[in-house]
Each structure stands twice: as structure tokens, then as C-alpha cells.
Amino acid sequence: VQLQAFGGGLVQAGGSLRLSCAASGLTLSTYKMGWFRQAPGKEREFVAAISWRGESTYYADSVKGRFTISRDNTKNMVYLQMNSLKPEDTAVYYCAAGRAIVSALRETRNWQHWGQGTLVTGLQ
């Protein structure tokens, strides 16, 4: 299983960025997919998750209304559209695949597969 996140970079406060996650070695449609982030000196935290076919999405309060998670199972891709970025959004962003129930999605230990991160830096 390989999850490869990309699309990070530098962005001015208020700007937008779209992260992508390419999945291989798994049947993507059988996994919930999620995005997490880890800022320097902090623990990895939940950002967003999406159900198998994309009919349900879940967000951390800190990004609700600004970020949108989506997926394309035909392309084995998952996306995170980030708008109105803030300096506090600065972190390494990771995509993950798992089969946890909804109530357990926000905990990193409930996700089975992880990709390498992509750095997002929100400038003042």
C-alpha cells in the first residue's frame, strides 16, 4: 500500500492550496480516507475525512467552512482543497486510509495506512 501526498507549498494568509493524495496497492473504494496534520512541536491532529463513496464528510472545527475533502475512486485520488489559509494552518499534512467507524475517525491510531507528508506553510 502506498499513499503519496503532494501539493504543499508556501501560501499567503487568505490564499488557497489544493493537496492531492495518490493511492496504490489498495482498493480505494473500500477505505475511508482522511487528512491529518502535524505542526512543529505538536501532535498529529485530525483535519478531515470522507466516506467510501464520498457521500459523507467530516471536519475538524478549526477547518470547517474553509477546507473541503473529496475523492475520485476511479483515479485512486483524494483531495483537500484549502481556502482562506491562516498561519496556524502551517503543518505537514498527511493522508491516511482506514476503516474506522465514524466516532473513531479523529484518532490517528484508528487509521491503517499513512502516506508521507507534504508541507504547507501559511505566511503572515
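Descriptive notes on the structure:
- Spatially proximal aspartates and glutamates relative to Lys64 (Cα-Cα < 17 Å; intrachain offsets below 8 disregarded): Glu45, Glu55, Glu88, Asp89
- The chain shape via C-alpha gyration tensor axes, a/c threshold 1.5: prolate
- Carbon plus sulfur fraction of accessible area for the stretch 4-54, probe 1.4 Å, in percent: 48 percent
- Karplus-derived 3J(HN,Hα) values for the stretch 88-100, using 6.51 cos²θ - 1.76 cosθ + 1.60 with θ = phi - 60°, are 6, 7, 4, 4, 8, 9, 10, 9, 9, 10, x, 10, 5 Hz; glycine and proline are entered as x.
- Relative contact order for the chain, counting Cα pairs under 8 Å that sit 6 or more residues apart, in percent: 35 percent
- Accessible area per residue (1.4 Å probe, heavy atoms of protein chains only) ranks Arg66, Arg18 as Arg18, Arg66, with the largest value leading.
- In a reduced charge model with +1 at each Lys and Arg Cβ and -1 at each Asp and Glu Cβ, the chain shows a dipole moment near 160 debye about its Cα centre.
- Using a probe of 1.4 angstrom and keeping all protein chains present, the accessible surface of the chain works out to 50 square angstrom per residue.
- Phi angles across the stretch 40-49 convert, under the Karplus curve 6.51 cos²θ - 1.76 cosθ + 1.60 with θ = phi - 60°, into 3J(HN,Hα) values of x, x, 10, 7, 5, 10, 5, 10, 7, 8 Hz, Gly and Pro given as x.
- Stretching Gln116 away from Glu55 to a fully extended chain increases their span by 19.4 nm, per 0.36 nm per residue minus the current alpha-carbon distance.
The values are calculated or read from the model by the stated rules, or taken from the named source; none is laboratory data. Because the structure is a prediction, the values reported are computed rather than measured. When we count neighbours, we look across all protein chains shown, and the Cβ atoms used for this are built from the backbone with ideal geometry, even at glycine. Ligands, DNA and RNA are stripped out before the accessible areas are found, and what is left, the full protein with its side chains, is counted by its heavy atoms. Shrake-Rupley method; radii C 1.70, N 1.55, O 1.52, S 1.80 Å.
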